[in-house]
1. What tally of residues in segment 169-208 results from selecting those that are in a helix (DSSP H, G or I) and either open to solvent by less than 60 Å² (accessible area, probe 1.4 Å) or closer than 16 Å to Val342 by Cα (or both)?
2. Residues of segment 19-68 being away from the ligand (no atom under 16 Å from the Cβ), touching an Asp or Glu at 6+ places or on another chain (Cβ under 8 Å) and assigned to a loop (DSSP other than H, G, I, E, B), which ones?
3. Does segment 348-357 contain any residue that is in contact with a Pro (Cβ under 8 Å, 6 or more places away or on another chain) and not aromatic (Phe, Trp, Tyr)?
4. Working carefully through the options Leu94, Leu131, find the one that is aliphatic (A, V, I, L, M) and in contact with an Asp or Glu (Cβ under 7 Å, 6 or more places away or on another chain).
5. Only residues in segment 8-20 that are under 10 Å from Asp394 (Cβ atoms) count as the first member; pair them with residues that are hydroxyl-bearing (Ser, Thr, Tyr) and open to solvent by less than 30 Å² (accessible area, probe 1.4 Å), Cβ under 6 angstrom, at least 6 apart or cross-chain, and list the lot.
6. Which helices (runs of 4 or more DSSP H) does segment 70-168 wholly contain that include 2 or more residues that are modelled with pLDDT under 95 and surrounded by fewer than 21 Cβ atoms within 10 Å (Cβ to Cβ)?
7. Answer yes or no: is there a residue in segment 252-275 that is acidic (Asp, Glu), away from the ligand (no atom under 16 Å from the Cβ) and open to solvent by less than 20 Å² (accessible area, probe 1.4 Å).
Amino acid sequence: MGAFEAVRGFFQGSAERLGLEPEMREMLSRPYRELAVQVRVPMDDGSLAVFPGYRVQYNGARGPYKGGVRFHPQVTLDEIRCFAALMTWKTALLDLPFGGGKGGVRVDPKLLSEAELERLSRRFMHAVGHLVGPTRDVMAPDVNTDARVMGWMFDQYSRHVGWHPEIITGKPLALGGSLGRDAATGRGALVCLDRLVREWGWSREETRVVVQGFGNAGSWFARLADEWGYRVIGISDSKGAVVNPGGLEPHMVLAHKRETGSVAGFYGGETLEADELLGVEADVIVPAALEESIRADNVDRIRAKVILEVANYPVTPEAEQVLLGRGVTVVPDILSSAGGVVVSYLEWAQNTQHERWREQEVNDRLAEMMTAATEAVITRSERYEVTLREAAYDIAVARVAEAERARGYW
Ligand code: GLU
């Protein structure tokens, strides 16, 4: 099953439970607009490379399209469509005044020089810039894109249109970026977990957490979880895993990764193969890498009680069925990975008001919004006896459908 089809299945379940009218189902089960472009990059050796790029605008009923841009060799239109749909449900669930979109370029950025990466970022903005704008489509970082890339894209846009920091979020602080944006996805996921842990009557100290993927979201999540008193006992990246049942020090693991290129070989734990991490006995597994990391063919290894989705679409529907059958709780990505876009919204709000907020204010608002959404999902899941994912989708889909109806459908 393709990634988009899987996520469309989550929507369709919701459409059924909510009794959505047929035309609404038709509108919300496909993207509104898709753009495929050539990203032409002059390379350092004088050659020209042409990479396929995409921007999918899934739904804009509740506000400007919103979502990140990823640079990755596996990017396909189907995958970007899947993430654009997820962004639509994510922004609706968190009640942000945005729709959902996503962009990507099929390229391995690790093979590019810094100058080539800058040209790639600028050329991508050049190719999709006519769709972008503070009231139209607001891009942001995602896999392999960071504040630096956002800064170049912002500059490229501004050269033509003038100073508009609110056309893109996750910018460097010097260009109107927000304090707290870098840590936001990890922090938001932790706030969500913390609220659930309280609900289940667990203690932080006894909750053993394993983090799969040590990029921006995974590394912030692990460091903050450790600070908050959780026991982080396993961490992996694409090259290997490190495990210590007594607890790891995630900030030291990060220092090791920065030095050696991987978490593997960290002195404070035992090194395993990357895919062995899923089988580690823990309470919570946090997939924070790429999509479909928990699938039918590896789900049987999992021994945890909870999966907290910090990546987008990390658990396939087949794997989720197996997990649910075994009584494992899956906290859905549109809730637990929403911290990034929440602080993107706070950045956009600061930019549109020409303000700058203190980091504590940003973190407090993030915590407030993540807690409210988590509580709404828990309440709905209990009231209607549905899973957390079903409850989250039902809240989100109902909001988008209501906005579509209020606008007169077009
Ligand atoms: N890329 C992040 C996500 O998937 C953030 C998107 C944004 O801030 O717009 O949620």
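The values are calculated or read from the model by the stated rules, or taken from the named source; none is laboratory data. All values derive from a computational prediction rather than experimental measurement. Every residue, glycine among them, receives a Cβ derived from its backbone with ideal geometry; neighbour counts consider all protein chains shown. Ligands, DNA and RNA are stripped out before the accessible areas are found, and what is left, the full protein with its side chains, is counted by its heavy atoms. Shrake-Rupley method; radii C 1.70, N 1.55, O 1.52, S 1.80 Å.
1. Filtering segment 169-208 down to residues in a helix (DSSP H, G or I) leaves 173-175, 184-200.
Within this subset, residues satisfying the condition of being either open to solvent by less than 60 Å² (accessible area, probe 1.4 Å) or closer than 16 Å to Val342 by Cα (or both) are 175, 184-197.
Adding up the residues that qualify gives 15.
2. Scanning segment 19-68 gives Met43, Asp44, Ala61.
3. Initially, segment 348-357 is screened for residues in contact with a Pro (Cβ under 8 Å, 6 or more places away or on another chain), giving 348, 351-352.
Restricting the remaining residues to those that are not aromatic (Phe, Trp, Tyr) gives 351-352.
So far as segment 348-357 goes, yes, one or more of its residues are in contact with a Pro (Cβ under 8 Å, 6 or more places away or on another chain) and not aromatic (Phe, Trp, Tyr).
4. Numbers: Leu94 fails: in contact with an Asp or Glu (Cβ under 7 Å, 6 or more places away or on another chain).
Result of the check over Leu94, Leu131: Leu131.
5. Filtered contacts from segment 8-20: Ser14/Tyr393.
6. Values: elements: 77-93, 114-128, 147-161.
Per the criteria, 147-161.
7. Kept after step one, since they are acidic (Asp, Glu), are these residues of segment 252-275: 259, 270, 273, 275.
So of that shortlist, the ones also away from the ligand (no atom under 16 Å from the Cβ) come out as 259, 270, 273, 275.
Right, trim to open to solvent by less than 20 Å² (accessible area, probe 1.4 Å) and you get none.
There is no residue in segment 252-275 that is acidic (Asp, Glu), away from the ligand (no atom under 16 Å from the Cβ) and open to solvent by less than 20 Å² (accessible area, probe 1.4 Å).
Condition check ((1) within 15 Å of the ligand (Cβ to nearest atom); (2) farther than 24 Å from Ala225 by Cα) across all residues:
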{"position": "Ala304", "(1), (2)": "no, no"}
{"position": "Gln321", "(1), (2)": "no, yes"}
{"position": "Ile334", "(1), (2)": "yes, no"}
{"position": "Gly339", "(1), (2)": "yes, no"}
